[in-house]
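Below you'll find the structure, written out as structure tokens, and then a few comments.
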Amino acid sequence: MQKFLVTGGVGFIGSNFILKARKEQWANIINLDKLTYASNPQTLAQLQDDPGYHFVCGDINNIEILHSLLEQYQPDVIINFAAESHVDRSILSPQEFIQTNVLGTFQLLEASKIYWEKLSPQQRSQFRFLHISTDEVYGSLNPADPAFQEDTPYAPNSPYAASKAGSDHLVRAYYHTYGLPTLITNCSNNYGPRQFPEKLIPLIILNALHDKPLPIYGDGQNIRDWLYVVDHCEALYLVLQHSLIGEIYNIGGNNEQTNLTVVERICAILDELVPKSNFRHSSLMTFVKDRPGHDRRYAIDCSKISRKLNWQPKEDFDSGLLKTIRWYLSHPTWVKQVQSGAYQSWVKQNYADRITVRSH
Ligand code: NAD
Ligand code: TYD
């Protein structure tokens, strides 16, 4: 069986990928994660007795750890999920985003190149470095604009998006300059189980369950293209197996929704699953001060991956949201762990000055 070195695999998308990879026997996994605030070791507790899974706590900026892991485990594939991933945090403190997303990706590329150059010709040709990126590198769309394609010019607007754009350019350069067999995927907003509740969907679910205000930035008409995380993981595996090297694929859910609609649908599902006798969850909706530089619309054109690798998102938004909400309802211990003191300080920092513009 192949060996995948996954970075950032205790986070949201990486953990879903690892669970799927072990369940489907795609590969044995070595997971290098720094365990930042965004991770919860309990997320992968079910793999603790799995001999095909190894966890290493460490930073992708640490070149010694990278060299020794590559030497020890000799992976066939490296998948870089590790990142600072939250736009609002990148606005309040961008430093870590440059450190991990730009410099960390650079260190990982350097270590991978040195490792790859020493492999046998056959191993070299089979090796892959897959970098997970975002549609946010393409900037913001107007309502009538066509969706982002792989050759849409980069125009990042937040420090997060700029740091991911920088990392994408480095990955591209390592392919063109050194021949490192890289792949880049740019996906839209993911949702599903195990997402840290600083992001819109889990934040709204958990606030609603605790009868707290549901903060909607600006007029709630910003659009995101929501992709169910398991569909995304399946796309990544197809890219690894079948893509030519140096390729870029956009991965989206064909599912553009305004934030207002997303929040309303979550509220409607919660009204069914956990009805309150005295109010509807939507009465908690609150319009608050907008995010600075808030991108208006993202949309992914995923015709390339559909045409070349025969991939389509399978989950529809209502069933995906229902699965997601059920997961949060049935994992109270996980939720409690991620809503620790550090999370409470984040909520204070991000929302205290966001005065309510109007209640719903
Ligand atoms: P996440 O924030 O949930 O998880 C990131 C993980 O990376 C955490 O476990 C964290 O501990 C780890 N990490 C952070 N810095 C590290 C470092 N220096 N060294 C090692 N590990 C480190 O993020 P996610 O939502 O799972 O996103 C995964 C990837 O997908 C990121 O690259 C992100 O930019 C990209 N992406 C995410 C989305 C989304 O909707 N979540 C959308 C588009 C692209
Ligand atoms: P988010 O989940 O932070 O992802 P991204 O900024 O990467 O798209 O936000 C999704 C959308 O939801 C985005 O338009 C911002 C908006 N949003 C709110 O309206 N309220 C919130 O409390 C948060 C966290 C996000």
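The values are calculated or read from the model by the stated rules, or taken from the named source; none is laboratory data. All values reported here derive from a predicted model rather than from experimental measurement. Here Cβ is always computed from backbone atoms with ideal geometry, including for glycine, and neighbour counts include all displayed protein chains. All accessible areas refer to the heavy atoms of the entire protein, side chains included, with ligands and DNA or RNA removed. Shrake-Rupley method; radii C 1.70, N 1.55, O 1.52, S 1.80 Å.
On a 1.4 Å probe surface of the protein chains, which of Val357, Val347 comes out largest in accessible area, and what is the full order?
Correct descending sequence by accessible area is Val357, Val347.
Let me cross-check Ser303: its accessible surface, 1.4 Å probe, with only protein heavy atoms counted, in Å² to the nearest 10?
Counting only protein heavy atoms, Ser303 exposes about 50 Å² to solvent.
For Ser39, what accessible surface area do you get with a 1.4 Å probe? Give it in Å², rounded to 10.
Taking all protein chains as shown, Ser39 has close to 20 Å².
Please list Tyr53, Tyr175 from largest to smallest accessible area, probe radius 1.4 Å, with all protein chains kept in place. Intermediate values should be presented prior to the final figure.
On the way: Tyr53 30, Tyr175 65 Å².
Sorted by accessible area, descending: Tyr175, Tyr53.
Taking the dipole about the Cα centre of the chain, with the C-beta of Lys and Arg at +1 and of Asp and Glu at -1, give me whichever of Ile18, Gln42, Ser282 is farthest to the positive side.
Checking the options against the dipole of the chain, the answer is Ser282.
What FRET efficiency comes out for Val347 versus Ala155 if R0 is 25 angstrom and r is the Cβ-Cβ distance? Round to the nearest 0.05.
Calculated value: 0.25.
Can you send over the carbon and sulfur percentage of the accessible area for the chain, probe radius 1.4 Å, protein chains only?
51 percent
Over the chain, calculate the relative contact order: mean separation of alpha carbon pairs under 8 Å at least 6 apart, over the residue count, as a percent. Can you show the working numbers first?
On the way: 652 pairs, mean separation 63.9, N = 360.
In percent, rounded to a whole number, it is 18.
Using label points projected 7 Å from each Cα along Cα→Cβ, tell me how many nm separate Ile114 and Phe279, to one decimal.
5.8 nm
Per residue, how much accessible area does the chain have with a 1.4 Å probe, in Å²?
Result: 43 Å² per residue.
How would the stretch 1-130 be classified by its alpha-carbon gyration tensor: rounded, prolate or oblate, with rounded meaning a/c under 1.5 and the a/b versus b/c comparison settling the rest?
Oblate.
If we count every other residue with Cβ under 14 angstrom of Ile30's Cβ, Lys/Arg +1 and Asp/Glu -1, where does the sum land?
Once positives and negatives cancel, what remains is -2.
Could you rank Ser163, Ser140 by how accessible they are, 1.4 Å probe, largest area first?
Correct descending sequence by accessible area is Ser140, Ser163.
Please enumerate, by chain and number, the aspartates and glutamates with C-alpha under 12 Å from the C-alpha of Lys23, excluding those fewer than 8 residues away in the same chain.
Correct list for Lys23: Asp50.
Taking a label point 7 Å from the Cα of Arg307 along the Cα→Cβ vector, which residues of the stretch 242-286 have an amide N closer than 17 Å to it?
Those under the cut-off are 243-244, 247-252.
Can you give the charge dipole size of the stretch 79-201 about its Cα centre, rounded to the nearest 20 debye, using +1 on the beta carbon of Lys and Arg and -1 on the beta carbon of Asp and Glu?
I would put it at about 480 debye.
As a test of the formula, what do you get for the chain when each DSSP H run with n ≥ 4 contributes -39,500 (n - 2.57) and the sum is divided by the residue count, at 222 nm and rounded to the nearest 500 deg cm²/dmol?
Numbers: 13 runs with 145 residues, N = 360.
Computed ellipticity for the chain at 222 nm equals -12000 deg cm²/dmol.
Pull up the cross-link candidates among the lysines for Lys199, meaning alpha carbon to alpha carbon under 24 Å and not fewer than 8 places away within one chain.
Counting by Cα, and skipping residues close in sequence, Lys199 has these lysines nearby: Lys20, Lys34, Lys164, Lys212, Lys289, Lys314, Lys323, Lys336, Lys348.
Treating cross-link reach as a plain straight distance, find the aspartates and glutamates whose alpha-carbon is under 19 Å from the alpha-carbon of Lys118, omitting any fewer than eight places away in the same chain.
Within the straight-line limit of under 19 Å, Lys118 reaches these aspartates and glutamates: Glu64, Glu71, Asp76, Glu110.
Note down the nm distance, to one decimal, between modelled labels 7 Å out along Cα→Cβ at Ser319 and at Thr177.
About 4.6 nm, to one decimal.
Set Lys and Arg Cβ to +1 and Asp and Glu Cβ to -1, take the dipole of the chain about its Cα centre, and tell me which of Thr152, Ala173, Leu32 lies farthest positive.
In the chain, that residue is Leu32.
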